[in-house]
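Enquirer: What follows is a structure written as structure tokens; I'll ask about it next.
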Amino acid sequence: MKDVDRIAPPGSEERKLLESIPPERFPKHVAIIMDGNGRWAKKRGLPRVEGHRAGIEAVRSTVEAAARLEIPVLTLYAFSTENWRRPRWEVLTLMALLKEYLNKELHTLVENNIRFRPIGRIHELEPEIQQGLAHAVEATAANTGLFFQIALNYSGRAELTDTVREAVRLAREGKLREDDVDEAWVAAHLATAGTPDPDLLIRTSGEMRISNFLLWQIAYTELVITPVLWPDFRARDLIAAVADYARRERRFGGVPEAEETEET
Ligand code: FPP
């Protein structure tokens, strides 16, 4: 039984919504484009970086909710390869927040049986952050609950480019033949290797864009766009998105299951 009393108290609206979702309809992998921090801050007359600071609370709360809902994999888009173009102060603040998050939250990840993995060009981040990330990976490696992936200096195109480069290198070394490369090979050489493709991709703040996130992996992913700005995103919003997803009919390019049996 999922441990949901803290995120959806008995009798609450979110609890009722949660109880309406058949267990087998829960997504196995939820990915989130966390957007709207700047607008959240602007609405309050605060500097943009305050929106990012408030966004950390939403990260903490969403990781906890995903773990309690027993969602196997959660992937959050925290910093894209394009985000370096933001003002220097904003980039420095995001990196400082990441360090702070790792320092403060690692024990929560460990205690809650959460496994952690950063995805993206991690080797291009500052050494102190690389060390913090490596430490978090190591400290949580044996955990068997939620697999929490955080995309840092990540973009789908960069990830695919790196995979093609690896294929070329392996082929040059005589370790890979043309026939070895199929969709399974590509999937197994992406940063997300070992995780199923996301079933549900949530984007906050109402924007209808993919923004270079998990381009290969989202081929058949269901999208839920919520107007909620990321710093306001909480368990109730995750539950609402999961309930929306659970009502969808997924076809993966085929026909609905009911129609498939019609002629037989
Ligand atoms: C988008 O808001 C959000 C980001 C670019 C970064 C997401 C970062 C966090 C939630 C905080 C950092 C978390 C960690 C763990 C490092 P935006 O600034 O694009 O908002 P806007 O579209 O309203 O301007």
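Enquirer: Condition check: surrounded by fewer than 17 Cβ atoms within 10 Å (Cβ to Cβ) and either touching a Phe, Trp or Tyr at 6+ places or on another chain (Cβ under 9 Å) or modelled with pLDDT under 85 (or both). Does Phe252 satisfy that? Spell out how you get there, then give the answer.
Expert: Details: surrounded by fewer than 17 Cβ atoms within 10 Å (Cβ to Cβ): yes; either touching a Phe, Trp or Tyr at 6+ places or on another chain (Cβ under 9 Å) or modelled with pLDDT under 85 (or both): yes.
Judged against the criteria, Phe252 is a match.
Enquirer: Yes or no: region 35-53 includes at least one residue that is on the phi > 0 side of the Ramachandran plot, within 11 Å of the ligand (Cβ to nearest atom) and not aliphatic (A, V, I, L, M). Please lay out each step first, then the result.
Expert: First, pick out the residues of region 35-53 that are on the phi > 0 side of the Ramachandran plot: 36, 45.
Checking which are within 11 Å of the ligand (Cβ to nearest atom) leaves us with 36.
Remaining after also requiring not aliphatic (A, V, I, L, M): 36.
Yes; the residues of region 35-53 include at least one that is on the phi > 0 side of the Ramachandran plot, within 11 Å of the ligand (Cβ to nearest atom) and not aliphatic (A, V, I, L, M).
Enquirer: Right, another one. Condition first: under 19 Å from the mean Cα position of the chain (by Cα) and hydrophobic (A, V, I, L, M, F, W, C). Now tell me which residues in region 130-152 satisfy that.
Expert: Of everything in region 130-152, those that are under 19 Å from the mean Cα position of the chain (by Cα) and hydrophobic (A, V, I, L, M, F, W, C) turn out to be Leu133, Ala134, Ala136, Val137, Ala141, Leu146, Phe147, Phe148, Ile150, Ala151, Leu152.
Enquirer: Here is a further query. Given the conditions (1) out of contact with any His (no Cβ under 7 Å at 6 or more places or on another chain); (2) touching a residue at least 24 places away in the same chain (Cβ under 8 Å), which single one is not true for Pro198?
Expert: So Pro198 meets the others, but not (1).
Enquirer: Now for a separate question. Any residue in region 10-38 that's touching a residue at least 40 places away in the same chain (Cβ under 8 Å): show its pairings with residues that are basic (Lys, Arg) and assigned to a strand (DSSP E or B) at Cβ separation under 8 Å, as long as the two are six or more apart or on different chains.
Expert: Ile32/Arg203; Ile33/Arg203; Asp35/Arg203
Enquirer: Right, next: Can you report the number of residues in region 195-206 which are within 12 Å of the ligand (Cβ to nearest atom) and more than 19 Å from Thr81 (Cα to Cα)?
Expert: Of the residues in region 195-206, the ones within 12 Å of the ligand (Cβ to nearest atom) are 203-206.
If we keep only those that are more than 19 Å from Thr81 (Cα to Cα) as well, we get 204-206.
The number of residues fulfilling the criteria is 3.
Enquirer: With the structure loaded, tell me whether Leu74 is within 16 Å of the ligand (Cβ to nearest atom), in contact with a strand residue (DSSP E or B) (Cβ under 7 Å, 6 or more places away or on another chain), within 22 Å of Asn153 (Cβ to Cβ) and part of a helix (DSSP H, G or I) or whether it fails that test.
Expert: Values: within 16 Å of the ligand (Cβ to nearest atom): yes; in contact with a strand residue (DSSP E or B) (Cβ under 7 Å, 6 or more places away or on another chain): yes; within 22 Å of Asn153 (Cβ to Cβ): yes; part of a helix (DSSP H, G or I): no.
For Leu74, the condition - within 16 Å of the ligand (Cβ to nearest atom), in contact with a strand residue (DSSP E or B) (Cβ under 7 Å, 6 or more places away or on another chain), within 22 Å of Asn153 (Cβ to Cβ) and part of a helix (DSSP H, G or I) - is not met.
Enquirer: When region 27-62 is examined, which residues are found to be of a type in the set (A, V, I, L, M, F, W, C) and either part of a helix (DSSP H, G or I) or within 21 Å of the chain's Cα centre (by Cα) (or both)?
Expert: Our first condition is that a residue be of a type in the set (A, V, I, L, M, F, W, C); within region 27-62, this holds for 30-34, 40-41, 46, 49, 54, 56, 58-59.
The answer is Val30, Ala31, Ile32, Ile33, Met34, Trp40, Ala41, Val49, Ala54, Ile56, Ala58, Val59.
Enquirer: Now, a different point. Could you identify the single residue in Glu14, Glu24 that is surrounded by 14 or more Cβ atoms within 10 Å (Cβ to Cβ) and in a helix (DSSP H, G or I)?
Expert: Numbers: Glu24 fails: surrounded by 14 or more Cβ atoms within 10 Å (Cβ to Cβ).
Going through Glu14, Glu24 in turn, just one is surrounded by 14 or more Cβ atoms within 10 Å (Cβ to Cβ) and in a helix (DSSP H, G or I): Glu14.
Enquirer: Within region 85-108, identify whether any single residue is part of a helix (DSSP H, G or I), surrounded by 15 or more Cβ atoms within 10 Å (Cβ to Cβ) and more than 13 Å from the ligand (Cβ to nearest atom), and answer yes or no.
Expert: No.
Enquirer: Now for a different question. Restricting attention to region 105-114, does a residue exist that is under 26 Å from Asn153 (Cβ atoms), in contact with a strand residue (DSSP E or B) (Cβ under 6 Å, 6 or more places away or on another chain) and free of Cβ contacts under 8 Å to residues at least 60 places away in the same chain?
Expert: yes
Enquirer: With the structure loaded, tell me whether Glu138 is away from the ligand (no atom under 13 Å from the Cβ), touching a helix residue (DSSP H, G or I) at 6+ places or on another chain (Cβ under 8 Å) and charged (D, E, K, R) or whether it fails that test. Spell out the reasoning first.
Expert: Details: away from the ligand (no atom under 13 Å from the Cβ): yes; touching a helix residue (DSSP H, G or I) at 6+ places or on another chain (Cβ under 8 Å): no; charged (D, E, K, R): yes.
Taking the combined requirement at face value, the residue does not satisfy it.
Enquirer: Could you please tell me which pairs satisfy a Cβ distance under 6 Å, a separation of 6+ or placement on different chains, a first residue in region 165-190 that is without any contact (Cβ under 8 Å) to a residue 40 or more places away in the chain, and a second residue that is among the polar types (S, T, N, Q) and surrounded by 13 or more Cβ atoms within 10 Å (Cβ to Cβ)?
Expert: His189/Thr163; Leu190/Thr163
Enquirer: Also, quick follow-up: Since Arg172 meets every condition but one in (1) surrounded by fewer than 18 Cβ atoms within 10 Å (Cβ to Cβ); (2) closer than 24 Å to Phe79 by Cβ; (3) basic (Lys, Arg), which condition does it not meet?
Expert: It is condition (2) that Arg172 fails.
The values are calculated or read from the model by the stated rules, or taken from the named source; none is laboratory data. Since the model is a prediction, treat every value here as computed from it, not as a measurement. For neighbour counting, all protein chains shown are included, and Cβ atoms are generated from backbone atoms with ideal geometry for every residue, glycine included.
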